[in-house]
Amino acid sequence: MQKGHVMLETFDLSVKISKDDYAKITGPLIIRTGELQREVRKRGKAVIIVFEGWRGSGISQLVNKLLHAFDPRGVRVYATDEPVDIDRNHTLMWRFWTKMPPYGQIAIFDRSWYTSHLIERFDRTRMEELPPDSVSDIISFEEQMADDGNLIIKFFLHISKQEQKKRLSGLEDDPFTYQTQYLRRKEGIYQYEFYLPVIEKMLMKTDLPATPWVIVESEQIKYAHVKVLRTLNSLIESWIDNFDRITVDNSQYLAVKGVMQNIGESNILDTVDLSQSLTKDEYKPMLEKYQDELRKLQFSAYRMGIPVVIVFEGWDAAGKGGCIIRLTNPLNPRGYVVEPYGAPNDYEKLHHYLWRFYQKFPGKGHITVFDRSWYGRVLVERVEKFCREDEWQRAYHEINSMEERMARNGVVIIKFWLHIDQDEQLRRFNERENSEFKKWKITEEDWRNREKWDEYEQAVNTMIRKTSTPEAPWTIIPANNKYYARIMTIKTVIDAIEKKIEETGSF
């Protein structure tokens, strides 16, 4: 295809392949596809194959033919149909994030995020414009998948208006064309000339170097099948060669350079006034007052369908658990959940590091409290070298993009860093070790992390500096005094939800 200029009418749709040639060509191609699938598994990254195209262009037929080239234990097909209730309760890209395959596996999308954006966000009164924010959402998503080392292959099946009309007339009574019903009901990719300029614009704007479009002339299924197999094998072979080269380069790079130091940055944490405190007598009436306000706000947010994400990060023994308990005590348990996160398990490690958090994002009107979060990528994973430098450096942009999309879709994002000094941490560590009721809270890992205080402090400063955005600002909570920290976290949550309710308006 021509880069930067997709003109579908310039493709020769009369191309065909004879039956004999088809039989000779497809055998070796299918064998090679199976071999490459095994190579993908060895590399430990995923391949994501997207099929889009006109209604009646033969997507299901080609997907079925392609499946016969793969070991079924390593591939899964997702047919993008009308969203169900749980999909509608989240951002539009959520249901695709949650379907990303484990590393070493292949996912085939029989229609994808492109169809859903064109159907579910499209304003038919403004055909000259693409759906708001759709392009940036798609580009960000695909870039994150590709930057993580995965391969995305995108096919658009192209047929003429006349061929489409002929094929659709034979689909009216087919009980398995549920997607056709979905597309018709939503007035999706149906009216050929009406949607042609929109589709071309979408193809052009999302034809990226790392995730280019491949236009497949599909008036003859045999020809389309051969082109898909040839393209698929060629792209996977190139990806494998590039993957192996990058792996070697990164190993050499890390061995020579080590982890980058952010020399010269001012220390944000040094500016925090840790002397701020409340007495027990001051604390109790304030806690009761704010908890009552928060209880009422939870109901309002639920009625208005406002999702809330609350992130707690902080030093070991900074009091995250105590703050979360006081924050959630007044809430209705049907409308909130606390998600504690530690090191990823073996299955979670088989995905992009953000994948496991997408599973837990709240639906409309619900609150999710993250006891540690995706920021582990730029904190513990960075300091303990659980990921490469290029991976945690890239994470700042990835996280900002994710949070910006969430905020744009109406999510309230509240992020806390609970800050204490080293003396207070040591006092709390010793208190835990000497208490039968708190001994379980202290581990050898806590003591090891304490020895790396300076490295973690540097990582925290960089994290706050790079990921405190207008949509999702950090709130640093002075936490040497637990009473003060608890009140400030609840008050901050109240202020953020109240602001969102005012912006949203009455329900």
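What are the residues in the stretch 96-108 that are open to solvent by less than 20 Å² (accessible area, probe 1.4 Å) and in contact with a helix residue (DSSP H, G or I) (Cβ under 8 Å, 6 or more places away or on another chain), if any?
Taking the stretch 96-108 as the starting set, the residues that turn out to be open to solvent by less than 20 Å² (accessible area, probe 1.4 Å) are 96-97, 100-101, 104, 106-108.
Across the stretch 96-108, the qualifying residues are Phe96, Trp97, Met100, Gly104, Ile106, Ile108.
Please go through the stretch 30-45 and give me each residue that is among the aliphatic types (A, V, I, L, M) and surrounded by fewer than 17 Cβ atoms within 10 Å (Cβ to Cβ), ordered by number. Walk me through it before giving the result.
Taking the stretch 30-45 as the starting set, the residues that turn out to be among the aliphatic types (A, V, I, L, M) are 30-31, 36, 40.
Ile31 - this is the single residue of the stretch 30-45 that is among the aliphatic types (A, V, I, L, M) and surrounded by fewer than 17 Cβ atoms within 10 Å (Cβ to Cβ).
Just to be sure I understand the filter: pairs with C-beta atoms under 8 Å, separated by 6 or more residues or on different chains, first member in the stretch 488-505 and closer than 24 Å to Cys323 by Cα and free of Cβ contacts under 8 Å to residues at least 24 places away in the same chain, second member of a type in the set (A, V, I, L, M) and open to solvent by less than 30 Å² (accessible area, probe 1.4 Å). Which pairs pass?
Met488/Ile477
Kindly provide the set of residues from the stretch 138-163 that are in contact (Cβ under 8 Å) with a residue 12 or more places away in the chain, open to solvent by 10 Å² or more (accessible area, probe 1.4 Å) and more than 22 Å from Ser401 (Cβ to Cβ), ordered by number.
Ser160, Lys161, Glu163
Residues that are under 21 Å from Trp97 (Cβ atoms), under 28 Å from the mean Cα position of the chain (by Cα) and modelled with pLDDT under 95, at least 3 per element: which helices (runs of 4 or more DSSP H) completely within the stretch 271-358 meet that? Give the derivation first.
Working: elements: 280-304, 320-328, 355-358.
Helices (runs of 4 or more DSSP H) meeting the threshold: none at all.
I'd like to know if the stretch 412-425 contains one or more residues that are among the β-branched types (Val, Ile, Thr), part of a loop (DSSP other than H, G, I, E, B) and open to solvent by 10 Å² or more (accessible area, probe 1.4 Å). First the steps, then the outcome.
Going through the stretch 412-425, the residues among the β-branched types (Val, Ile, Thr) turn out to be 412-414, 420.
Remaining after also requiring part of a loop (DSSP other than H, G, I, E, B): 420.
Imposing the further condition that a residue be open to solvent by 10 Å² or more (accessible area, probe 1.4 Å) reduces the set to none.
Looking for residues that are among the β-branched types (Val, Ile, Thr), part of a loop (DSSP other than H, G, I, E, B) and open to solvent by 10 Å² or more (accessible area, probe 1.4 Å), one finds none in the stretch 412-425, hence no.
Would you pick out the residues in the stretch 64-84 that are surrounded by fewer than 19 Cβ atoms within 10 Å (Cβ to Cβ) and touching a Phe, Trp or Tyr at 6+ places or on another chain (Cβ under 7 Å)?
Passing the criteria: Tyr78, Asp81, Glu82.
Looking at Glu455, Glu398 in this structure, which one is touching a residue at least 60 places away in the same chain (Cβ under 8 Å) and within 16 Å of the chain's Cα centre (by Cα)?
Numbers: Glu455 fails: within 16 Å of the chain's Cα centre (by Cα).
Answer to the selection: Glu398.
Please state which of the following conditions Glu431 fails to meet, knowing it meets all the rest: (1) exposed (fewer than 13 other Cβ atoms within 10 Å of the Cβ); (2) modelled with pLDDT under 95; (3) not hydroxyl-bearing (Ser, Thr, Tyr).
Exception for Glu431: condition (1).
So, in the stretch 208-226, of the ones that are over 17 Å from Glu52 (Cβ atoms) and of a type in the set (A, V, I, L, M, F, W, C), which residue ends up most open to solvent (accessible area, probe 1.4 Å)? Step through it out loud before you land on a result.
Here is the first cut: in the stretch 208-226, the residues over 17 Å from Glu52 (Cβ atoms) are 209-210, 220, 222-223, 226.
Narrowing further to those that are of a type in the set (A, V, I, L, M, F, W, C): 210, 226.
Working: Ala210: 66, Val226: 6 Å².
Taking the candidates together, the pick is Ala210.
Tell me whether the stretch 461-473 contains one or more residues that are free of Cβ contacts under 8 Å to residues at least 12 places away in the same chain, out of contact with any strand residue (DSSP E or B) (no Cβ under 7 Å at 6 or more places or on another chain) and under 18 Å from Trp417 (Cβ atoms).
Yes, some residue in the stretch 461-473 is free of Cβ contacts under 8 Å to residues at least 12 places away in the same chain, out of contact with any strand residue (DSSP E or B) (no Cβ under 7 Å at 6 or more places or on another chain) and under 18 Å from Trp417 (Cβ atoms).
Go through (1) among the hydrophobic types (A, V, I, L, M, F, W, C); (2) surrounded by 16 or more Cβ atoms within 10 Å (Cβ to Cβ); (3) closer than 30 Å to His117 by Cα and name the single condition Ile25 misses.
Only one criterion is unmet by Ile25, namely (3).
Do we find a residue being over 21 Å from Asp346 (Cβ atoms), assigned to a helix (DSSP H, G or I), open to solvent by less than 60 Å² (accessible area, probe 1.4 Å) and out of contact with any helix residue (DSSP H, G or I) (no Cβ under 8 Å at 6 or more places or on another chain) anywhere in the stretch 371-392?
No, every residue in the stretch 371-392 fails to be over 21 Å from Asp346 (Cβ atoms), assigned to a helix (DSSP H, G or I), open to solvent by less than 60 Å² (accessible area, probe 1.4 Å) and out of contact with any helix residue (DSSP H, G or I) (no Cβ under 8 Å at 6 or more places or on another chain).
Of the conditions (1) touching a helix residue (DSSP H, G or I) at 6+ places or on another chain (Cβ under 6 Å); (2) closer than 30 Å to Pro285 by Cβ; (3) not in a helix (DSSP H, G or I), Arg486 fails just one. Which one is it?
Unmet condition: (3).
Thr115 passes all but one of (1) over 24 Å from Leu232 (Cβ atoms); (2) buried (at least 21 other Cβ atoms within 10 Å of the Cβ); which number fails?
(1)
Of the conditions (1) open to solvent by less than 60 Å² (accessible area, probe 1.4 Å); (2) over 30 Å from the mean Cα position of the chain (by Cα), Thr462 clears all except one; give me its number.
Going through the list (1) open to solvent by less than 60 Å² (accessible area, probe 1.4 Å); (2) over 30 Å from the mean Cα position of the chain (by Cα), Thr462 breaks only (2).
Among the residues of the stretch 455-467, is any closer than 26 Å to Ala343 by Cβ, out of contact with any helix residue (DSSP H, G or I) (no Cβ under 6 Å at 6 or more places or on another chain) and in a loop (DSSP other than H, G, I, E, B)?
No, because not a single residue in the stretch 455-467 is closer than 26 Å to Ala343 by Cβ, out of contact with any helix residue (DSSP H, G or I) (no Cβ under 6 Å at 6 or more places or on another chain) and in a loop (DSSP other than H, G, I, E, B).
The values are calculated or read from the model by the stated rules, or taken from the named source; none is laboratory data. Just so you know, these numbers come straight off a predicted model, no measurement behind them. Cβ coordinates were reconstructed from backbone atoms using ideal geometry, including for glycine residues, and neighbour counts include every protein chain displayed. Please note that ligands, DNA and RNA were not included when accessible areas were found on the heavy atoms of the full protein model with its side chains. Shrake-Rupley method; radii C 1.70, N 1.55, O 1.52, S 1.80 Å.
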